[in-house]
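Participant: Here it is, the structure in full.
The values are calculated or read from the model by the stated rules, or taken from the named source; none is laboratory data. Computed from a predicted model, the values in this text were never measured in an experiment. Virtual Cβ from ideal backbone geometry, glycine too; neighbours counted across all protein chains shown. Side chains are part of the model used for accessible areas, which takes the heavy atoms of the whole protein and leaves out ligands, DNA and RNA. Shrake-Rupley method; radii C 1.70, N 1.55, O 1.52, S 1.80 Å.
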Amino acid sequence: MSIRRFALAALASALITGPAAAATEILNVSYDPTRELYQEFNAAFNKHWTAQGKEAVTVQQSHGGSGKQARAVIDGLRADVVTLALAGDIDELNKLGKLIPADWQSRLPQSSTPYTSTIVFLVRKGNPEGIKDWDDLVKPGVEVITPNPKTSGGARWNFLAAWAFAQQKYGSEAKAQEFVEKLYKNVPVLDTGARGSTITFVNNQIGDVLLAWENEAFLALKEQGGDQFEIVAPSLSILAEPPVAVVDKNVDKKGTREVATAYLNYLYSEEGQRIAAKNFYRPRNEAVAAEYAKQFPQLKLVTIDQDFNGWKTAQPKFFNDGGIFDQIYQAQ
Amino acid sequence: MSRRISPVIPGFGLTLGYTLVYLSLLVLIPLGAMFVHAAQLSWGEFWAIISAPRVLAALKLSFATAFAAAVINGIIGTLLAWALVRYTFPGRKVIDAMIDLPFALPTAVAGIALTALYAPAGPVGQIATWLGFKIAYTPLGITLALTFVTLPFVVRTLQPVLADIPREVEEAAACLGAKPFQVFRHILVPALLPAWLTGFALAFARGVGEYGSVIFIAGNMPMKTEILPLLIMVKLDQYDYTGATAIGVLMLVVSFILLLLINLLQRRIEKP
């Protein structure tokens, strides 16, 4: 085949398959522990979508650390929707990439967070160290496993939960800082992501307690059959709100706004909420939440907006270079 | 009239043009862009970033562990190359193929496997704990991971050179009364040293930038077991692109100087 004929053939096949594939495919860029959730949800959404007489849609999933995923989208990954671990990461799509408007979080119900989670403790069976609350984590000799807040969204929720506990119990920011300093002295390994920490704790058997996303803790329990670990709910934790958003610039370019919006809205439907609950995320829908109430431990939850003035304040104060987390390690 | 010497392989213009375009797209432009990006910083800002105590601690750790790994491979790798070239034994081909496995394996997989083995609860880690030291989550663990990923460099650069040294040279030396150590010292070492240095430099350079395999076994504790590439990731996770490129430039410059020194050393050895 001559080069020209080959080029023509390649061009023709690109023309035929190109637009057709784009119309029925959307990309969901998410963080690590939502893999199982979205596999189930995508199938359900497709059924719902085609039942309305629409063309079937293929949802591609991409998973990784939340910050890394946001960066990929900013650098040009054509995500139709993002479902990340922190609002702070989606804010950067606005700030650095101008991909979505600044008020993105008000476009969907519940601050664009269809499901929530929290931070709990995973301990070894029988709880040999007798860990019941945050106070037990700062005792000498207790080894705590948590990822690095500089690289992991989940780890930032862990840090803030510990901070909130100390501040409420001991009454001042200075005391809270002292408390988290003691806690991080007990951390032998700082993995870069939540899954890494789970592997360190579960497979490599390091540490006495793992600070984990509630859904991740349940998943570890489910995979291990529940005979090696147990979940301990502290007296107070943080309401972790992983938000979702349509990436305007990308859907407008690809012509997928309708399906992308419907996709996210369906997370709020009863079925979407039930799938979230089945995957150990706390549903927002009250009826579904009541159905699964037994599954989730009752605990007092602080929120990022009320107790920390939102991520826009918390991120630079605690986690950016020179922030409180850095000071902890600089002091040593 | 001067006669043009025609090279054996024709098309010098074309091949050189291709080489330059290819290298530009792949190496020159990306690395150049890094310098351009870092140039947004004033000298003072750049200095503040690279002289932060955490960066310096990581710099020391990254280069020290990469150097240690390269030295270990320099010794063990020579031994392996020697055994594989000089002796025939059953399973030689299989072992020879195994040398390349660290290149083929995704580094993250290697890192997880090494951590599982050398963590305090792992099979080897348990023995180490019993003996009173720790491997995983210490600089020792980092060195181990780097030794693993850079193993093929020294072996693969030495093998062909070793195979090319004629036996007769050693035999002649022996006939003239040289003792085995003298043969090694005066015949083999000079012939092998340039290739050995190349292997060493390759292993060292690769080790400095290694991320995937180290990140699981390092423990990543600030000031203690935090490698330089992790600090770049940390900066990126704060969307601090300029800060990250500043550290990247620092690594590039330090690596370049070290490689240059090794190269000069190699030249001096080659023409005594």
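Participant: From the phi angles alone, apply the Karplus equation (6.51, -1.76, 1.60; θ = phi - 60°) to the stretch A:204-221 and give each ³J(HN,Hα) in whole Hz, x where the residue is Gly or Pro.
Facilitator: Taking θ as phi minus 60°, the curve returns 8, 6, 9, x, 9, 8, 10, 7, 9, 3, 4, 5, 5, 5, 5, 5, 4, 4 Hz for the stretch A:204-221.
Participant: Sort B:11-19, A:264-272 for me by packing, meaning the mean count of neighbouring Cβ atoms within 10 Å per residue, highest on top.
Facilitator: A:264-272, B:11-19
Participant: OK, next. Do you know the relative contact order of the stretch A:225-292, to the nearest whole percent, from alpha carbon pairs under 8 angstrom that are 6+ apart?
Facilitator: 17
Participant: Which translational diffusion coefficient, to the nearest whole µm²/s, is obtained for chain A from the Stokes-Einstein equation, given a Kirkwood hydrodynamic radius over C-alpha pairs, 10 °C and 1.306 mPa s?
Facilitator: 75
Participant: Here is a further query. May I ask which of A:125/A:300; A:150/B:134; A:95/A:294; A:95/A:253; A:169/A:317 have a Cα-Cα span longer than 30 Å here?
Facilitator: Violating the 30 Å limit, Cα to Cα: A:95/A:294.
Participant: Let me ask something additional. Any idea what log10 I(q)/I(0) is at q = 0.07 Å⁻¹ for the protein assembly as shown, Debye with uniform C-alpha scatterers and no solvent?
Facilitator: Treating every Cα as an identical point scatterer, log10 I(q)/I(0) equals -0.55.
Participant: Two decimals is fine: what's Rg over Rh for chain B, C-alpha atoms, Kirkwood radius as Rh?
Facilitator: Here the Rg-to-Rh quotient is 1.05.
Participant: With each run of n ≥ 4 DSSP H residues scored as -39500 (n - 2.57), what mean residue ellipticity at 222 nm is computed for the protein assembly as shown after dividing by its residue count and rounding to the nearest 500 deg cm²/dmol?
Facilitator: -18500 deg cm²/dmol
Participant: How many partner chain Cβ atoms sit within 10 Å of a residue's Cβ in peptide A:59-70, on average, as a whole number?
Facilitator: Per residue, the average neighbour count from other chains is 1.
Participant: Given R₀ = 45 Å, what would the calculated FRET efficiency be for residue A:293 paired with residue A:55, taking r from the Cβ atoms and rounding to 0.05?
Facilitator: Step by step, r from the Cβ atoms, then E = 0.70.
Participant: Could you go through the stretch B:223-231 in sequence order and give the Karplus-derived ³J(HN,Hα) for each residue, using 6.51 cos²θ - 1.76 cosθ + 1.60 with θ = phi - 60°, rounded to whole Hz, and x for Gly and Pro?
Facilitator: Values, residue by residue: 6, 10, 10, 9, 8, 4, x, 5, 4 Hz.
Participant: Okay, moving on. How crowded by other chains is A:189-196, given as the mean number of beta carbons from other chains within 10 Å of each beta carbon?
Facilitator: 5
Participant: Report, in whole Å, the centroid distance computed from the Cα atoms of the stretch A:178-222 and the stretch B:209-233.
Facilitator: Centre-to-centre distance over Cα atoms comes out at 18 Å.
Participant: Also, I was wondering about something else. For chain A, what's the relative contact order in percent, using C-alpha pairs closer than 8 Å and at least 6 residues apart?
Facilitator: Normalised by residue count, the contact order of chain A is 23 percent.
Participant: What do you get for the angle between helix A:153-170 and the principal long axis of chain A? Use alpha-carbon atoms, 0 to 90 degrees, nearest ten.
Facilitator: Relative to chain A, helix A:153-170 is tipped by roughly 30 degrees.
Participant: Moving to a separate point now. Can you list residues whose amide H is under 5 Å from residue A:144's amide H, if they're 5+ apart or on another chain and H is modeled 1.01 Å from N?
Facilitator: Sorted by chain and number, the residues that satisfy this are A:187, A:208.
Participant: Could I ask something else about it? Just name one of B:249, B:136, B:236: the one whose Cα is farthest towards the positive end of the charge dipole of chain B (beta-carbon charges, Lys/Arg +1, Asp/Glu -1).
Facilitator: Highest projection toward the positive end goes to B:249.
Participant: In addition: Work out how much length residue A:95 to residue A:43 would gain on full extension: take 0.36 nm times their residue separation and subtract the Cα-Cα distance, in nm to one decimal.
Facilitator: 15.4 nm
Participant: Could I ask something else about it? Order A:252-260, B:174-182, A:175-183, B:241-249 from most to least packed using the mean count of other Cβ atoms within 10 Å.
Facilitator: Result, highest mean first: B:241-249, A:175-183, A:252-260, B:174-182.
Participant: State the percentage of accessible surface on the stretch B:104-246 attributable to carbon and sulfur atoms; use a 1.4 Å probe and exclude ligands, DNA and RNA.
Facilitator: 72
Participant: Also: Quick one: accessible area per residue over the protein assembly as shown, 1.4 Å probe, rounded to a whole number of Å²?
Facilitator: Per-residue value: 48 Å².
Participant: Which order, highest average first, do A:148-161, A:304-317 follow once you tally other Cβ atoms within 10 Å for each residue and take the mean per peptide?
Facilitator: Result, highest mean first: A:148-161, A:304-317.
Participant: Does anyone have the angle between helix A:257-266 and the longest principal axis of chain A? Alpha-carbon axes, 0 to 90°, nearest 10?
Facilitator: Roughly 40 degrees between the two axes.
Participant: Ok, one more. Would you grab the residues whose amide H sits under 5 Å from the one on residue A:235? Only those 5+ places off in sequence or on another chain, please, with H modelled 1.01 Å from N.
Facilitator: Amide H to amide H, under 5 Å and 5 or more residues apart or across chains, residue A:235 pairs with A:134.
Participant: On a full-extension model of 0.36 nm per residue, what is the gain between residue A:258 and residue A:107, subtracting their alpha-carbon distance, rounded to one decimal in nm?
Facilitator: In short, 52.9 nm is gained.
Participant: Next question, about the same structure. Give the average, rounded to an integer, of partner chain Cβ atoms located within 10 angstrom of each Cβ in B:112-119.
Facilitator: The shielding value for this peptide is 3.
Participant: Apply 1/(1 + (r/R0)^6) to the Cβ-Cβ distance of residue A:317 and residue B:224, taking R0 = 22 Å, and write down the FRET efficiency to the nearest 0.05.
Facilitator: Once the sixth-power term is evaluated, E becomes 0.30.
Participant: I would also like to ask the following. Taking all protein chains in place and a 1.4 Å probe, what share, in percent, of the accessible surface of the stretch A:138-252 do carbon and sulfur account for?
Facilitator: 46
Participant: Something else now. Modelled label-to-label distance, residue B:25 and residue A:24, 7 Å Cα→beta-carbon offset: nm?
Facilitator: With each label placed 7 Å out from Cα toward Cβ, I get 3.3 nm.
Participant: Right, here's the next one. Return a whole-number percent for the relative contact order of the stretch B:43-270, with Cα pairs under 8 Å and 6 or more residues apart as the contact set.
Facilitator: So the answer I get is 32 percent.
Participant: Could you work out the local net charge near residue A:153, counting Lys and Arg as +1, Asp and Glu as -1, over the other residues with Cβ closer than 14 Å to its Cβ?
Facilitator: Residues close to residue A:153 contribute a combined charge of -3.
Participant: Name the residues whose placed amide hydrogens come within less than 5 Å of the amide hydrogen of residue A:131, ignoring near sequence neighbours (fewer than 5 apart) on the same chain.
Facilitator: So residue A:131 has HN proximity to no qualifying residue.
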